[in-house]
Amino acid sequence: MYDIIVIGGGHAGIEAASASARMGCLIALISMDKHALGRMSCNPAIGGTAKGHLVREIDALGGIMGKIADRTGIQFRMLNKSKGPAVWSPRCQSDRELYSEEAYKVVSSTKNLEFIEESAIELVAEDGKVKGIKTQSGRFIEGKTVILSAGTFLNALMHTGLRSTSGGRFGEKPSTGITESLEKLGFEKGRLKTGTPPRLAKNSIDWDVLEIQPGDENPQPFSYQTNISEFPYLPQLDCHITHTDPDVHKILEKGFNKSPMFTGLINGVGPRYCPSIEDKIVRFSEKKSHQLFLEPEGMDSDLIYLNGFSSSLPAEIQLEAMHKIKGLENVEMVRPGYAVEYDFFPPHQIDNTLETKLIQGLYFAGQVNGTSGYEEAAAQGLMAGINAALKVQGKKEFVLKRSEAYIGVLIDDLVTKSTEEPYRIFTSRAEHRLLLRQDNADRRLMSYSTELGLIDKNMYKEISIREGIITAGLDLCRNTKLHAKVVNEYLELSGSSTIESSETISKLCKRPETQLKDLLKLDGLDNNPNFNSLINNHNALRQVEIELKYEGYMKRQQEAVERLEKYEKLKIPLTLNYLTLKALSTEAKEKLDRVKPRSIGQASRISGVTPSDISILLVYLKK
Amino acid sequence: MLDDEDTIIALATPAGVGAISVIRISGPSSISSVDSIFTGKKKLTDASSHSIHYGTIDDDEEIVDDVLVSVFRKPNSYTGENSVEISTHGSPLITQKIIELLIKIDGVRIAEPGEFTKRAFLNNRIDLSQAEAVLDIINARTDASLRGSRNQLDGLLSAKVNELRDILVSTSSFVELELDFAEEDIELIDNSELIKRIDKIVNEIDILLSTYSFGRVLRDGVNVTIVGQPNVGKSSLLNYILKESRAIVSEIPGTTRDIIREEITIDGILFRMYDTAGIRTSDDEIEKEGVIRSRNAVKNSDLILFMGDVNLLFPEDLFNELLGLNKPEHIIKVLNKIDLKKDIGTDADVLISAKTGEGINTLFESMKNRVFQNSDYSEQSAIVSNIRHYNCLKRAKESLMNAEKSAEEKMSGEFISVDLRTAENSLAEIIGVVTTDDILNNIFSKFCIGK
Ligand SMILES: Nc1nc2c(ncn2[C@@H]2O[C@H](COP(=O)(O)OP(=O)(O)O)[C@@H](O)[C@H]2O)c(=O)[nH]1
């Protein structure tokens, strides 16, 4: 009997298996092909706006995604660097093959973790409790808990033009049976779709005419544990940019009558933020040109991923249209773009621990919950793994608050709002955005991962020391004044107005033109022993600078967090029968009954639940 | 979102009934808030539970009214929280003024219907059956707000606020777009355009805010104070209007001590008429109190009938004093007793006889015109008539000004967004919608996003 059975070895599955195994549980990882672990089925990239935040958080919690990405990245960039620190987002291009290999290495070297190369076809439960799974070969595998992270494989259908093949990824079989057994247990399912663009032969592209998009000069790793002196591990490559034009659009339009989307063959709902090229042409007809990125699939790979050209039109139309694009006039299409349709389980059916409300011990993570993206999947996998392990060990659940992490925002959004399209994380989804930065994920989360045993204690010790330096540093900067004659020259040089007599470092630091490290060079501070540890700890210095520069805004967000906290603490029993509360509006009754929120705070975020409904709930809860 | 940590305030006695009005305040900062505008023998913050204190409510050194204040400490109050009751002399002008003074204090707001009782229940001060009654009240309010458009005033306002919120959402979308979709080749809004958009919303909010005094009048009635020397016929005018003698009519100057009020409706607008003791210095203690009270009444009036006697010299000094207390456009000069003398030389606005009724209709007409004149009201204008809405708009404006400041300082979008979102929430409070996904939805529908 296994402690935890993980179905699916995608980005969610490997995080779940790896974390729970390291927490001391015995894990069975069920996957059709163990060499397809952590496969990147869509674009060969990790991170991006808000997704990069997730990767940093996963890493701070002891997950594996950041480490694998650091090992296999062939281009690293920090997005949004011209903006404030809260929206800086790390992103990398990955070598697709190496990524899977590295994932296999990490997972196979984990103790307590067994691979079972099979296909799960049925979930077995009894009296509302999970018992295990049945596999295609007829085997019954017993487990105390089961984490379903089957990605886009459930009853998957791939479409190119009017031809459809069953399968979740090119060349891979779908997984059938699981959905049906879950429906029998009472779960509600839905259908989503996602698309992928064509893959091109590298040597058939006219590279000289394309615009180059290079990586950062000083690439930064995702993982707190990556040794910066060895980083980057791989040689770094460029991406390239090209554009569509009206001629291209005209050719694509020819294929609309053979589009599985427009002819109604596909019923699944696609993501609005990642539309197919045909969707873009139809919905934004006024736009004459769309930007396309040519991304290498790997260091030695002959494949190029045409990001921005996701399509399910017939292959010949895709090729004909590409031949009109600058640089692609003679391109060879190794594989056409296609759309994948798959089953998901609307996520109001899970709790914030990712355990299903219907079946005890059953957890859903990743695309089965309606999310898109590797990072979103990995974050859920990690949290499901941790929570399943805690449950097996009879310990208290682990739930992150919206004010603590993007992971908290992601899961809370899923649970309270459910989703009708593939869910992607955005920075704008986080109401406490200024506090949830990629630069402070360790400060926010490492105390948890240390306690959970997912991170080396020494790592945390380092953080505690740094926290001390930060606190002392803030104090020093608030209480140390610089005189006009010392600072004015620097102010003038950096284009800031000069001062009359003297001013504290913290006030001077608030000016957009100044930098803390420069201010600390003045007045002999760099030789002042008090300032030593701050000046020498680059990371602490940056945290102090951010806290000083944006103090007013952060304080306002912090206050908002505290105001809302109270409502998060007001718990609602899952057994509350909303339908009998006659004072509630009909809409609120239905919505509350569907979601079964855990707290008043969560209830207030459900759309259609009004402030008066909340008042009524408060009164009933007092009964 | 409701908030138990707020201190809430409301009139406890029905508006316009009885000689004494009671204002009830409950919540953590209730005692200190009242204390900050109260002058008495003792600080209220030091007062024990169930103690009563005599003193005055002051607005910046100036006395608003003399009051009795009862202090109740938690858990032994109606709500179970710290609370205070202020008993005033019943003039709605005064109670309104006191409530306005208190909600200016941070953390104090107007109570929602049933909120005192709800708090009482939550703090175990009342039982289940009483609580059920509260649910009904809250429920009734839900129904009312569902039928919101039934009320023309609210309907127009919520349409306008909705429109402003839409503009704000689309403005926010531009800001967010730049943050979440940095990689896309989309046209971004430049800083000056952003400021222009925010400015536009602020201007619209300003216009709404400026309708409040008129809106309040439409909803709550116009407060009219009759001012004049003793014996010019103030009480007689009231009596004539009402055909009942509630004010004491007498031949002895200075006996109309208390403010006496009556209500009349002219073409659908409610006028609340107050007779005062006249603005006059006096050594008589009781008289003095009356004088203070009437000065405040005059200050807070929407309209003043300045009354003179055709037989007497026009009291210039009294009129000048009046001008120091209220705006000239709020004052109507009325000369009374034209039945006694026909050749009148003074430049009065209206000539009447409170005895024969001559000129009274002209007076009504002129009162009504003044009300409309002071506003750009048209049937289709959105008008703010509710203090809660007014406060939400004011907060929205403040947040927008902060956002504008951030934009002017060229701060990155996520900082501007902090205040734009707060403003959005303030507007949403007026129309009772709570959604967070509007910005993203707007982005998805308006911009071609996605590589
Ligand atoms: N002839 C005449 N007498 C009036 C008129 N209005 C009031 N009076 C008399 O003037 C006196 C004072 O009136 P009152 O209403 O008490 O004056 P107040 O002190 O201003 O309230 C009373 O004797 C009234 O009867 C009027 O229009 N014509």
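Below, the figures for the structure above:
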item: Hits among aspartates and glutamates - C-alpha to C-alpha of A:K173 under 18 Å, sequence gap 8 or more where chains match; result: A:D33, A:E117, A:E118, A:E122, A:E341, A:D343
item: Most positive-pole-ward Cα, A:N528, A:G177, A:I266, against dipole of the protein assembly as shown from beta carbon charges; result: A:G177
item: Order of B:I201, B:I416 under a 10 Å beta carbon neighbour criterion, fewest first; result: B:I201, B:I416
item: Sparse-neighbour loop sites [trypsin sites (Lys or Arg not before Pro); the stretch A:205-314; at most 13 other C-beta within 10 Å; DSSP]; result: A:K288
item: Relative contact order for chain A, counting Cα pairs under 8 Å that sit 6 or more residues apart, in percent; result: 16
item: Cα-Cα separations in the stretch A:570-622 greater than 19 Å, expressed as whole percent; result: 6
item: Cα centroid separation - the stretch B:8-87 against the stretch A:536-573, whole Å; result: 36
item: Residue among A:L519, A:L123, A:N330 farthest towards the positive dipole end of the protein assembly as shown, charges placed on Cβ; result: A:L123
item: Set of aspartates and glutamates with alpha-carbon distance to A:K250 below 13 Å, sequence-local pairs under 8 removed; result: A:E278, A:E320
item: Proximal lysines relative to B:K355, as straight alpha-carbon distance under 27 Å, when same-chain residues fewer than 8 apart are discounted; result: B:K234, B:K243, B:K333, B:K337, B:K341, B:K342, B:K368
item: Cβ-placed point charges (K, R +1; D, E -1), dipole of the stretch A:457-553 about Cα centre in debye, nearest 20; result: 300
item: Lysine pair number, Cα distance threshold 28 Å (strictly under), the stretch A:457-553, separation 8 or more or different chains; result: 19
item: For the stretch A:584-608 and the stretch A:104-129, distance of Cα centres in Å; result: 35
item: Shielding by other protein chains, A:546-556, mean Cβ within 10 Å; result: 2
item: Spatial separation of Cα centroids for the stretch A:434-491 and the stretch A:304-332, in angstrom; result: 49
item: Cβ-derived FRET efficiency at R0 45 Å, B:I207 paired with A:K189, nearest 0.05; result: 0.30
item: Average partner coverage of A:604-615, which counts Cβ from other chains inside 10 Å; result: 5
item: Of A:G453, A:V55, A:G38, farthest towards positive along the dipole that unit charges on Lys, Arg, Asp, Glu beta carbons give chain A; result: A:G453
item: Cut-off 11 Å between beta-carbons: net charge of the residues surrounding A:S449, Lys and Arg +1, Asp and Glu -1; result: -2
item: Proxy reagent accessibility, fewest Cβ within 10 Å first, across B:V310, B:V227, B:V232; result: B:V310, B:V232, B:V227
item: Extent along principal axes [Cα atoms of chain A; Å; largest to smallest]; result: 78, 72, 51
item: Relative contact order of the stretch A:457-553, pairs being alpha-carbon contacts under 8 Å that are 6 or more residues apart, as %; result: 32
item: The protein assembly as shown, Rg to Rh (Cα coordinates; Rh as Kirkwood inverse mean 1/r); result: 1.06
item: Burial ranking of peptide ranges B:389-397, B:40-48 (average Cβ count within 10 Å, highest at the top); result: B:389-397, B:40-48
item: Highest to lowest packing among A:308-320, A:4-16, A:433-445, scored as the average C-beta count within 10 Å; result: A:4-16, A:308-320, A:433-445
item: Quotient of C-alpha Rg and 2.2 N^0.38 Å, computed over the stretch A:407-464; result: 1.41
item: Exposure proxy order (Cβ contacts within 10 Å, fewest to most) of A:Y363, A:Y305; result: A:Y305, A:Y363
item: Estimated FRET transfer efficiency when R0 is 60 angstrom, pair B:F319-A:E329 (beta carbons, to 0.05); result: 0.10
item: Across A:K589/B:K104; A:K34/A:K396; A:K193/A:K391; A:K417/A:K582, pairs whose alpha-carbon gap is larger than 25 Å; result: A:K589/B:K104; A:K34/A:K396; A:K193/A:K391
item: The stretch B:7-126, relative contact order [Cα under 8 Å, separation at least 6], %; result: 30
item: Paramagnetic reach from A:S285 (point 7 Å along Cα→Cβ, amide N under 20 Å) across the stretch A:238-268; result: A:244-264
item: Assigned charges on the beta-carbon of Lys, Arg, Asp, Glu; the stretch A:199-337 dipole about Cα centre (debye); result: 780
item: For the protein assembly as shown, size of Cβ-based charge dipole, Lys and Arg +1, Asp and Glu -1, in debye; result: 2340
item: When the stretch A:290-357 is reduced to its Cα atoms, the Kirkwood hydrodynamic radius in Å; result: 14.9
item: Links that overshoot a 31 Å alpha carbon limit, given the list A:K67/A:K184; B:K118/B:K299; A:K189/B:K160; A:K596/B:K397; A:K357/A:K401; result: A:K67/A:K184; B:K118/B:K299; A:K189/B:K160; A:K596/B:K397
item: Sequence ranges B:168-180, A:131-143, ranked by mean other-Cβ count within 10 angstrom, highest first; result: B:168-180, A:131-143
item: For B:410-421, mean number of other protein chain Cβ atoms within 10 Å; result: 6
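Just so you know, all these numbers are worked out from the coordinates, no wet-lab data involved. From a predicted model like this one, the values you see are computed outputs, not experimental measurements. Ideal geometry is used to build each Cβ from the backbone, glycine not excepted, and the neighbour counts take in all protein chains shown.
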